[in-house]
Ligand SMILES: Nc1ncnc2c1ncn2[C@@H]1O[C@H](COP(=O)(O)OP(=O)(O)OP(=O)(O)O)[C@@H](O)[C@H]1O
Ligand SMILES: [Mg+2]
């Protein structure tokens with residue numbers, strides 16, 4: 001190896017931080033695996049609500065002039081309330097089934113065409129598509145998604161109870177195992193972005209605060225070390241680790257579940273890097289002052305926890321109240337998750353992600369420079 | 001003297017609750033080894049870190065090689081070697097890797113790393129993780145890192161605190177070797193008298209942020225020829241010793257161990273005065289010891305406390 005290179009500050013710093021990382025399996029576990037497990041638990045807890053809203057798309061049948069009403073048409077006519085707001089993603093009808101013991105269930109229906117219904121499904125806005133063909137009702141959903149299963153069971157019960165033509169033949173189930181529409185397709189990008197956030201926040205922030213509390217930071221800046229190299233090396237090591245970890249996760253999911261990346265690879269890389277950069281900036285910012293590792297813990301959690309819950313890592317944030325959706329969509333983790341999901345599952349490219357890419361990069365720059373301004377080396 | 005390597009002029013530093021340094025001035029000549037001696041909380045670390053450019057004085061001026069820290073940081077960092085009172089290096093990095101990392105900050109290569117590792121006697125620990133080093137080995141690692149750049153000015157904050165006498169002597173040997181070989185100037189803080197006596201030619205005693213006394217070891221101990229240190233206890237110890245005009249020395253009375261101490265200028269003429277003083281005040285002597293003055297005695301007689309209390 002080039003001698004000058006081997007003796008250079010930056011190389012030695014990267015080398016040291018990399019070795020430190022791979023030699024401490026506990027860091028990998030507590031920094032990555034444990035938050036995953038914990039947030040998994042949280043995610044489950046947050047989905048159990050008493051009042052459940054189930055969102056369903058109904059495929060509009062081609063008007064063939066037969067004038068006969070489909071089952072769903074008559075059901076909606078009898079029981080449903082019409083919703084007047086007609087923006088693209090809103091729902092047309094709602095039916096509420098009161099249940100004092102288990103909580104009310106509200107069904108929201110959206111009449112739309114197949115293509116749009118699939119898009120809504122991929123984005124997690126609905127988890128079941130109802131299609132009526134030749135008098136038979138077809139239910140399309142991912143059989144591995146328990147929430148969708150429940151929707152199916154409840155909905156088929158609803159159909160039976162309504163004095164509409166009794167269903168002798170049970171509506172046939174068409175499992176949606178098409179790549180890009182299953183829960184696993186939703187989950188993998190979620191896990192990737194969660195890993196990026198956790199690893200940046202715990203790795204970089206905690207690393208800096210820990211070194212400050214051990215007086216190592218103070219010792220290092222009492223040499224001619226370039227301060228920017230120190231930060232750069234921490235960030236570089238994290239980026240590399242995140243890249244490898246995400247790659248392994250995708251590879252695993254490809255083998256085990258046959259997931260695929262339908263969109264542009266370069267765009268995927270770009271938004272991945274932008275996300276890393278944004279979280280590295282936030283990490284530097286929140287670790288810029290305190291020398292107390294417990295305060296550090298609190299700060300990191302204050303940033304990480306809300307996004308873990310809100311940004312749709314494990315389940316779609318479209319289940320949150322409507323007023324909160326625009327706020328949620330502006331969180332960095334949401335932007336990264338939505339961007340990566342659209343590339344994985346909807347075949348998106350640069351055209352679709354340039355906005356989140358720009359915002360993430362910009363917030364990285366802003367937080368990084370703010371953090372450097374108040375950074376306490378001693 | 002020629003231009004001092006370090007000049008501190010009337011430096012003050014306060015924290016929220018304490019005035020840690022209250023107007024200290026000192027000059028360090030090139031090539032000299034200076035000990036700053038003082039008990040816990042005296043302000044040693046605060047003073048040294050201000051000299052190191054790590055803390056900023058509230059008031060006063062510090063010149064290193066005639067230059068201030070402001071505007072000259074890059075240049076000064078190159079010629080200073082230091083060890084902080086307490087640094088924990090990266091746990092899972094090996095000794096040689098840690099040295100190489102710090103060497104790279106000074107653009108130094110493997111050769112210098114090997115040299116320093118053998119200088120501080122860590123050859124058989126070069127592959128050990130820092131986390132597995134003993135206290136003494138860690139202190140030697142910190143010392144080695146301080147020596148990497150062959151510093152003109154070496155600043156060591158309590159380099160042997162917490163070590164057993166053997167480990168302490170090993171570090172003294174390394175520093176004594178350095179003193180003979182190079183023109184390094186050194187400031188070292190310590191609680192240990194013996195350390196100051198063994199290593200340093202100039203000693204500054206500070207307490208509560210102020211210099212109590214300074215000078216060469218000989219100057220300090222032999223200010224007046226033949227000074228003796230006296231320690232005594234009484235059969236009927238009082239809460240406080242009565243003040244006296246007939247006896248010239250200042251007697252300090254320690255309530256905790258019920259002992260009185262003073263420094264005697266001339267034994268033949270002054271000791272009888274002490275007995276007169278006891279008699280006049282109805283105090284009965286229980287035990288008495290009279291010996292040559294040491295630094296510890298000097299400190300105790302100045303402050304009424306021991307150095308390593
Ligand atoms: N960052 C700080 N914030 C508040 N008080 C401080 C700070 N640093 C030092 N002090 C206080 O200033 C005084 C001098 O502390 P300093 O560390 O300089 O003492 P020291 O002589 O090095 O003591 P020791 O022998 O225990 O290392 C102490 O009372 C200490 O509590
Ligand atoms: Mg100290």
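So the values come out like this:
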item	result
Members of region B:141-176 that are within 16 Å of ligand 1 (Cβ to nearest atom), in contact with a helix residue (DSSP H, G or I) (Cβ under 7 Å, 6 or more places away or on another chain) and within 13 Å of chain A (Cβ to nearest Cβ)	B:155, B:156, B:157
Candidates B:48, B:5, B:79, filtered to the one that is more than 16 Å from ligand 2 (Cβ to nearest atom) and within 12 Å of chain A (Cβ to nearest Cβ)	B:79
Hits in region B:91-122 - residues which are touching a residue at least 40 places away in the same chain (Cβ under 8 Å) and touching a strand residue (DSSP E or B) at 6+ places or on another chain (Cβ under 9 Å)	B:91, B:95
Boolean, residue B:256 is closer than 18 Å to residue B:303 by Cβ, under 26 Å from the mean Cα position of the chain (by Cα) and outside any strand (DSSP E or B)	yes
Output for region B:123-139, where each listed residue is over 21 Å from residue A:21 (Cβ atoms) and either within 13 Å of chain A (Cβ to nearest Cβ) or surrounded by 17 or more Cβ atoms within 10 Å (Cβ to Cβ) (or both)	B:125, B:136, B:137, B:138, B:139
Candidate set: region A:222-235, residues that are within 8 Å of chain B (Cβ to nearest Cβ) and more than 15 Å from residue A:16 (Cβ to Cβ); chosen: the one surrounded by the most Cβ atoms within 10 Å (Cβ to Cβ)	A:222
Condition met for residue B:15 (at pLDDT below 95, within 14 Å of chain A (Cβ to nearest Cβ) and more than 13 Å from ligand 1 (Cβ to nearest atom))	no
Hits in region B:203-235 (condition: on the phi < 0 side of the Ramachandran plot and at pLDDT below 85)	B:217, B:218, B:219, B:220, B:221, B:222, B:223, B:224, B:225, B:227, B:228, B:229
Hits in region B:141-163 - residues which are more than 16 Å from ligand 2 (Cβ to nearest atom), at negative phi and assigned to a loop (DSSP other than H, G, I, E, B)	B:148, B:149, B:151, B:152
The one condition in (1) free of Cβ contacts under 8 Å to residues at least 12 places away in the same chain; (2) surrounded by 15 or more Cβ atoms within 10 Å (Cβ to Cβ) that residue A:327 fails to fulfil	(2)
Checklist (1) in contact (Cβ under 8 Å) with a residue 60 or more places away in the chain; (2) part of a helix (DSSP H, G or I) applied to residue A:351, failing item	(1)
Cβ pairs under 7 Å, 6+ apart, first in region B:29-41 and over 15 Å from residue B:4 (Cβ atoms), second part of a loop (DSSP other than H, G, I, E, B) and more than 12 Å from ligand 2 (Cβ to nearest atom)	B:35/B:200; B:37/B:307; B:39/B:305; B:39/B:307; B:39/B:309
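The values are calculated or read from the model by the stated rules, or taken from the named source; none is laboratory data. Remember, predicted model here, so these are calculated numbers, not experimental data. Glycine gets a Cβ as well: all are built from the backbone with ideal geometry, and neighbour counts include every protein chain shown.
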